[in-house]
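Quick notes on the structure that follows.
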Amino acid sequence: MTDDTHAASTGADIKLRLRNLVADDYPAIKKIMDRVYPGMGGAWPRKKYLAMLKTFPEGQICIEDNGVAVAAAFSVIVDYDKFGDEHTYDEITGNAYLTTHDPNGDVLYGVDVFVDPDYRNLRLGRRLYEARKELCKNLNLRAIIAGGRIPNYRDQAERMTPQEYIEAVRRREVYDPILSFQLANDFEVKRVLKGYLPEDKESQGYATLLEWFNIYYEPKDSKLFGARKTVARIGCVQWQMREMHSVEGLVKQVEYFVDALSDYRCDIALFPEFFNAPLMGLAEHRNPAEAIRFLAQFTPRIRDDIQRLAVSYNINIIAGSMPLLEDGELYNVAYLCRRDGSVDTQYKLHPTPHEKRDWAMEGGNRLTAFDTDFGRIGVLICYDVEFPELARLLGEQEMQILFVPFWTDTKNGYLRVRRCAQARAIENECYVAIGGSIGNLPKVDSVDIQYAQTAVFSPSDFSFPHDAIMAETTPNTEMTLIVDVDLDKLQQLQNEGSVRNYLDRRRDLYRVQWLGEG
């Protein structure tokens, strides 16, 4: 949209400057929009304006006169293939909240351009368009695309179709304050959009889809290998608890499964929470607190061994979780061992009442979404998945797959984890893989029995299984689960799903905010 028609002079004391918009500009922006769009609801609410500045500050620009904004242009970067030419204004701009912004997108999409009516004889709209073109070039984007209003069409609607009107404007037989301006600024009309802005009565709900090509665009070279994956293969281990006589024996059992999953070219192997618990049976202990601290002494060695397995078998591994003694405090820690040799950690944030009471275990204070060679993932250990705020925070960091290593002793405990994991997949439009242990350890106090059914869940929509379960194991049977997940379907769901939890979230009413260290 744009509005840059002819008007009266503004006087001699003009001092213009092009800059990015800031929060304090809102009163001036509101004043202009109320004047320019009186029949379309006037100005955006302040919360929407601030959301745009927060999401893509570089794309929101203005021209000020003596410190007061008198013209403005708003834009967003999108992956245009996700929307195509058939879209509405609200769909591609996220109802102007810019929830569709994608820093890795290929198109700068014009959200709005407007000029204070008192300044329309100064060609400020042209300056803003040139600034947008400069931004497009500097960001190496393929094009600028926008939906343009045709406000004078109302006067011609009875004798012309929208297509005929556009051709008349192109031939300069008819003047349109917006389309004439855009054509003069090197934009081409791709097509006519119907219902683009239903509230735009002047344009009869029609709009032009305009495009300006960046001739300096340099396509990113496609990689011959190591390119972004569109499908990830997940391998989960439903781990049998059994008596172990040494650390070497436990690592050998881990290697057996890593070898098997690597043979099937899995991108990642998920082990359960406390999969190393059998090692507590290597010695007698006076109480559970002593036993878990005994177990913690093996964690660094097991972590290092699994790190080597990840490299040698060319597979990423989530080493379930293991107890870690750090500065005198005991934590429950999941290790992400990548096949490039790097290691990251996710501490369990919410120890269960049993872990706090019997083991004196503390909760961590960091939450991280991890980049891997197959996508962005998150890890929540067992009880943590029952707190929806954590997955929401990871979802805001563009997590694609959530991994949940768990350990539950009874079916009702397992169902808490399962039901919450399924909810997280729907709420955050991601895949969720859960992996648990089975069997029993009669000689280990507090680790008597386990119940598990490992599974991979999807969002619930037409592109996914009808029950939103990608696959699941036989309960209480040692086995592996191998599942391919299509990551591109998540993007499609976000923009075209039957419901769109991410796009439709009322960010103007509520938010989840992290207050911890990271």
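The values are calculated or read from the model by the stated rules, or taken from the named source; none is laboratory data. Source: prediction; values computed, not measured. With ideal geometry, Cβ positions are generated from the backbone for all residues, glycine too; neighbour counts draw on all protein chains shown. Quick note on the areas: whole protein, heavy atoms, side chains included, nothing else; ligands and nucleic acids left out. Shrake-Rupley method; radii C 1.70, N 1.55, O 1.52, S 1.80 Å.
Got a sec to turn the phi values of the stretch 21-28 into Karplus ³J(HN,Hα) couplings, 6.51 cos²θ - 1.76 cosθ + 1.60 with θ = phi - 60°, whole Hz, x for Gly and Pro?
So the J values, rounded to whole Hz, are 6, 10, 4, 5, 7, 4, x, 5.
Setting aside same-chain residues fewer than 8 positions from K201, which aspartates and glutamates have a Cα under 12 Å from its Cα?
Excluding near neighbours in sequence, the set is D155.
Evaluate the relative contact order of the stretch 141-287 (contact order divided by residue number), counting alpha-carbon pairs under 8 angstrom at least 6 apart; express in whole percent.
Worked out over the stretch 141-287, it gives 24 percent.
Would you work out which of Y451, A421, V512 lies farthest towards the positive end of the dipole of the stretch 407-518, given +1 charges on the beta-carbon of Lys and Arg and -1 on that of Asp and Glu, about the Cα centre?
V512
Assigning unit charges at the beta carbon (Lys, Arg +1; Asp, Glu -1) and nothing else, what dipole magnitude in debye, to the nearest 20, does the chain show about its Cα centre?
About 680 debye.
Just from its helices, what would the mean residue ellipticity at 222 nm be for the chain, if runs of 4 or more DSSP H residues each count -39500 (n - 2.57) and the sum is divided by every residue, rounded to the nearest 500 deg cm²/dmol?
Computed mean residue ellipticity for the chain: -8000 deg cm²/dmol.
Within the stretch 57-79, name every residue whose backbone N is under 11 Å away from a label modeled 7 Å from Cα of R19 along the Cβ vector.
It comes to 62-69, nothing else.
In whole Hz and in residue order, list the ³J(HN,Hα) couplings for the stretch 453-459 that follow from phi through the Karplus curve 6.51 cos²θ - 1.76 cosθ + 1.60, θ = phi - 60°; x for Gly and Pro.
So the J values, rounded to whole Hz, are 9, 6, 7, 10, 10, 10, x.
How far is the Cα center of the stretch 474-518 from the Cα center of the stretch 33-108, in Å?
Their Cα centres are 26 Å away from one another.
With the full set of protein chains in place, find how many percent of the accessible area of the chain is carbon and sulfur; take the probe as 1.4 Å.
Solvent-exposed carbon and sulfur of the chain make up 47 percent of the total.
Work out the FRET efficiency for T230 and R170 from their Cβ-Cβ distance, taking R0 = 45 Å, and round it to the nearest 0.05.
Between T230 and R170 the formula returns 0.65.
Taking the solvent-accessible surface of protein heavy atoms with a 1.4 Å probe, what is the per residue accessible area of the stretch 353-439 in Å²?
For the stretch 353-439, the solvent-accessible area averages 35 Å² per residue.
What pairs from K54/K489; K31/K82; K30/K489; K252/K489; K15/K194; K15/K54 go past 31 Å between their alpha carbons?
With Cα atoms farther than 31 Å apart: K31/K82; K30/K489; K252/K489; K15/K194.
Each residue of the stretch 268-284 in order: what ³J(HN,Hα) in whole Hz does its phi give by Karplus 6.51 cos²θ - 1.76 cosθ + 1.60, θ = phi - 60°, with x for Gly and Pro?
Per residue, the Karplus-derived 3J(HN,Hα) values read 8, 10, 10, 9, x, 4, 6, 5, 8, 4, x, 5, 5, x, 6, 8, 7 Hz.
With an 8 Å cut-off on Cα pairs and a minimum separation of 6 or more residues, tell me the relative contact order of the chain in percent.
Computed value for the chain: 12 percent relative contact order.
Under a 1.4 Å probe, what is the accessible area of the stretch 225-343 per residue, stated in Å²?
I get 42 Å² per residue for this part.
Find which of V192, M241, N412 sits farthest along the positive direction of the dipole of the chain, computed with +1 on the beta-carbon of Lys and Arg, -1 on that of Asp and Glu, about the Cα centre.
It is V192, whose Cα lies furthest towards the positive end.
Using the alpha-carbon centroid of each, what span in Å lies between the stretch 171-223 and the stretch 303-318?
52 Å
Give the percent of DSSP beta bridges with both residues in the chain that are antiparallel, rounded to the nearest 5.
Just about 75 percent of them are antiparallel.
Using a 1.4 angstrom probe on the protein heavy atoms only, could you order S180, S203 from most to least accessible area?
Solvent-accessible surface, decreasing: S180, S203.
Amide H to amide H under 5 Å from R191: which residues, 5+ apart in sequence or cross-chain, H placed 1.01 Å off N in plane?
L209
Kindly identify the stretch 271-379 as rounded, prolate or oblate by the Cα gyration tensor criterion: order the square roots of the eigenvalues as a ≥ b ≥ c, call it rounded if a/c is under 1.5, otherwise compare a/b with b/c, prolate if a/b is larger, else oblate.
oblate
Quick query: amide H of G439 versus all other amide H atoms, modeled in the peptide plane; which residues come in under 5 Å with a sequence gap of 5 or more or a different chain?
M241, Q450
For a quick check of understanding: with a 1.4 angstrom probe and all protein chains in place, what accessible area in square angstrom does D467 have, to the nearest ten?
My reading of the accessible area for D467 is about 70 Å².
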